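Below: the structure, in structure tokens.
The values are calculated or read from the model by the stated rules, or taken from the named source; none is laboratory data. Being a predicted model, the structure only gives us computed values, none of them experimental. A quick note on method: Cβ atoms are made from the backbone with ideal geometry, for glycine too, and the neighbour counts reach across all protein chains shown.
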Amino acid sequence: MSERSQPLSACDSKLADINRYSTFYVDGHFFGIAVLRVQEVLRSPEITRVPLAPPVIEGLMNLRGQIVTAVDMRRRLNVPTGQLGQAPISIVVRTNDGVVSLLVDEIGDVLDAPADAFERLPESLTLEESEIIEGVYKLDGKLMLVLDLDRALEIAA
Amino acid sequence: MDDQEIINEFLIESNENLSRLEQEIVDLEKHPDDALLLGSIFRTIHSIKGACGFLGFGNLESVTHLAENILSQLRTGEKQLTAELISLVLESTDAIKNELSSIEKTSQESGETYEDLRQRLSAASVKGTSDGSLAATVEITETVRLEAVEAETKAASAPAQAQLQSATTTAPPSEAIMSVPVQEALLTSPGEDADKITANKAGPIADSTIRVDVGHLDKVMNLVGELVLARNQILQYTTQQDDPMLNATAQRLNLITSQLQEDVMKARMQPIGVVWNKLPRVVRDLASSCGKQIRLEMDGAETELDKSIIEAIKDPLTHIIRNCCDHGIEAPAERTRRGKAATGTLTLRAYHEGGKVNIEIADDGGGIDVNRVKRKALDRGLMNPEQIAKLSDREAVNLVFLPGFSTAEQVTSISGRGVGMDVVKTNIEKIGGVVDMSSTTGHGTTIKIKIPLTLAIIPGLIIESGGEQFVIPQASLRELLRLENNPGSGQIEMVYGTPVYRRRGKLLPIVSLRDILKLPASGEDSEVLNIVILQSDEQLFGLIVDSIRDTQEIVVKPLGNQLKGLRPFAGATIMGDGSVALILDVVGLGQIANVVADSPLKTRHDADEREDAYEDQQTYLLFRSGAHARVAVPISIVARLEEFSRKSVQQSNGSLVVQYRDEILDLVCLSELLDGQPSVHEEQNDSLPVIVFSEANRHVGLIVDQILDIHSETLRISKEGRRAGISGHAVIDGEITEFLDLAAVLQLAGTAWAPHLAPSKQPVLLLDDNGFSRGLVRNYLELAGHPVLEAQDTNDALQKIARKLPKAIVLTGKLRSQLHAGLTRILAEQKGAESLPLILLCERKDEIPEYSEAASEIWLERFDRDGLIRSLLHLEKTTSVPTDRDAGSSKVAA
């Protein structure tokens, strides 16, 4: 029974989710990550700093008894840090080794992006950040950058 | 239940029975008259046979059937128990094990028919007495036999157990009459009283135990961990409340939680005997194959440990036992010659002590020959003679834990292949344990293993520093110290810049947690110093903290992958108020603070992460000079090799020179420099081998005795042999080789190597995660007269920059691009450092970008030394970067 249902559900997810993105803003840039990777979104979590950690790591947070590393996406994406007074938002994402929290400026909607609007980053763009960006969706009125989550979280202490 | 499920049930049950079976068979050898034991063995074999028949495993059935025949003959007294028969039965259990594992993997038998074993089994069951000399009469008193039969019919119900026990108490008379001489090995447990044996064979009582999946237990354990945290939170909250009802309930919750935690932990606990059960068989087999007589004594088999730890020590323990049997205990003849009993004793002892479990493995064998160990370490190139001379006997004995070490003169099939003891050590250290060995020549060796009881929940001391809370595991805590800041009383003093404290007459190194972790100072300095005295391995040090809170049971949670590399932290936990606190790793802290000496006995595994040894793929020129039989210098910094005749060398102004390519070449005699005297060899030979180093337009020649070889290898270079002119040593081709510190040598020689254009005293910051390549580049830079600061990561670099602004940053190594990204970001934020010139050294030409947008970046090839030096000089002369470059290999940003 389980054998029969498997391909069906895989097909389902292909239709429904493959192009569905959770979006967020970092320094005015508009980013998307596959909605299936997002576990939850929290507003201004309490964060404990980790001495000697790389600056990208904002610290550790307590997610209902689980300890989660929080990554400052502003630093990760090489955009100016700071803007005091604005509480960051934590997007808790699933990775192969547990969940990680991404600290972003603002959370956006969940979008369905048409596959034909997708484009890889132009070769000529040789930004340091380009290696953590999978590509761009050309949406109405704006561009959505698709974050390569696994590469973005490759941070060595 | 389908077939597979039945087979799985069968496998689980049979495997469980088998491990008991072996123990029982070996026990039977020393108590051949023990009918209950025999009965139990018979039953086990019988039930395996039955299941095999039912499930259609024909080969297995026929082997077990034959084994059962023999056992049944033993029971009825038709046959006498001999060592030969025991071996045969053990061999059958091996066959059963083999088949079971095949069934587990493929759901089928292996196809092996065990023809030979079956023939021997049937022959043995036909033959009468097999061997007169080994014969031992097995008589079973009528009462015992009756009881045994009764026990069998009643399965293993509790009342039968009780009867069994009473039955054995009647057995001793028969035991006293009959003793069995077994030549190969005598295995006895120390408490040989009947009660103990009964306890041993009282099998699991089917009705009162159930099997639980370990994964499920783990889940429960995690939940209890969460509960402990929630309890801590509630307790913290209630202390601020006045509600008596709430307080009482909270207290109850507290109690229940503690009890629950303890009981769940207990559910995961297993007696160490689970592992030990297999050892008598191992020892017996080893003893007979080496022709030794070994008695195994076990004490404390009931000592309980967490299941995960039991799993982890299984292999190391077996390995140590094998080693003891093979190398430790001598052959009987040798023992008699030394005036010891022919039978060697191997003692296993386990006991709880201070929240840890100690396991001792002691043999009364020949002990470890310290000199042989030292010689071996030298032969294998694991240490150099100086280091070895400094070792105490105890340290020398522990050299056997070094990788690539084996003292057995003869490599046997049992042990001595050079793998093992180092793995034993790493495995034990992995679970937070410590292993130590002591030995007295002629009297034996003792190995002590200390392991934690459990890994999940530990007591910890909460401290505060720089406004953050940290947890120190109680296990490494020794004392708390409070120093009032008034002169006269005990104070912190300085020894060579290191703060120390006189603690009961002994100097204790002191470090500040705030300094190690680079935490911000928290307001005004208080009048009181709080010092936590910690133990790391065998060494003590004091840690200054801002304040000391209380102790708590904490749940250890691992850090995410992004933070795994941070040495000062062992994990994190959640505090009563829901905040996260980091758990300090005392060993890591000590190493960072340099208060814990890096012992030479550390395994290579440890050394990987430390700075006193580094690794790099390099090509080296090997040469000999005076007392230094093998010296190496990286070929990348050698310009040429030359030979000059002795006559052509002239003295000029007190130094040696030679005419070379229409120039005067300064010569430095290396042996004179390092040893203080020209080597003897020099006088006998007319030609002088010279290594020429050059930089820009300057050259210097180094006179050596003989050029030996060129060698390309990835080496581990240890900085331990460091002294003037020698930067460290490593093993090349099995020989200890010293590494030349060229900059130091040339400085010692006082040659005219003074740079043409004196560079400013402003340092160059060298950023590279690899210590060795950093050392190489440092060499070039210092040769050219640039002071060098080294940093291994961007944080480190940032601190160095903050302390002293360098004139440029040089980035090298594999992580260059990663470091680069981090660095540019950091620099942009750092005041005064935004426009620091960056020089990037690439591994290959094609990594150099055609165009770089940052104006202050220079890309060079890794070995373009001249380019590097020139770029630095240019940077000093002009703030702008030169655009025309003669070296085609480098590109400069416009």
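Observations on the model:
- Index of the failed condition, residue B:522 passing every other in (1) closer than 29 Å to residue B:353 by Cβ; (2) at pLDDT below 75: (1)
- Taking every residue in region B:822-835 that is facing chain A (nearest Cβ under 8 Å) and pairing it with any residue that is modelled with pLDDT under 70 and not in a helix (DSSP H, G or I), at least 6 positions away or on another chain, the pairs with Cβ-Cβ distances below 9 Å are B:824/B:854; B:826/B:833.
- Top-ranked residue in region B:74-108 [being in a helix (DSSP H, G or I) and either among the β-branched types (Val, Ile, Thr) or in contact with a strand residue (DSSP E or B) (Cβ under 6 Å, 6 or more places away or on another chain) (or both); ranked as nearest to residue B:59 (Cα to Cα)]: B:96
- Check on residue B:64, free of Cβ contacts under 8 Å to residues at least 40 places away in the same chain, over 25 Å from residue B:278 (Cα atoms) and not assigned by TED's automatic domain parsing to the domain that holds residue B:278: no
- Residues being part of a strand (DSSP E or B) and more than 9 Å from chain B (Cβ to nearest Cβ) - total across region A:59-103: 12
- Qualifying residue in region B:498-518 (condition: at the interface with another protein chain (Cβ under 9 Å from one of its Cβ atoms) and among the hydroxyl-bearing types (Ser, Thr, Tyr)): no
- Where a residue in region B:207-232 is closer than 30 Å to residue B:248 by Cβ and its partner, wherever it lies, is among the polar types (S, T, N, Q), with Cβ under 7 Å and at least six apart: B:224/B:261; B:227/B:257; B:228/B:257; B:228/B:261; B:231/B:254; B:231/B:257; B:232/B:552
- Across region B:432-458, the qualifying residues are those that are in a strand (DSSP E or B) and over 24 Å from the mean Cα position of the chain (by Cα), and the one among them that is surrounded by the most Cβ atoms within 10 Å (Cβ to Cβ) is B:444.
- Within region B:647-659, the set of residues being at pLDDT 75 or above and assigned to a strand (DSSP E or B) comprises B:650, B:651, B:656, B:657, B:658, B:659.
- In region A:16-58, of all residues being at positive phi and within 14 Å of chain B (Cβ to nearest Cβ), the one that is nearest to the chain's Cα centre (by Cα) corresponds to A:27.
- Of residues in region B:846-877 being polar (S, T, N, Q) and outside any helix (DSSP H, G or I), the one modelled with the highest pLDDT: B:856
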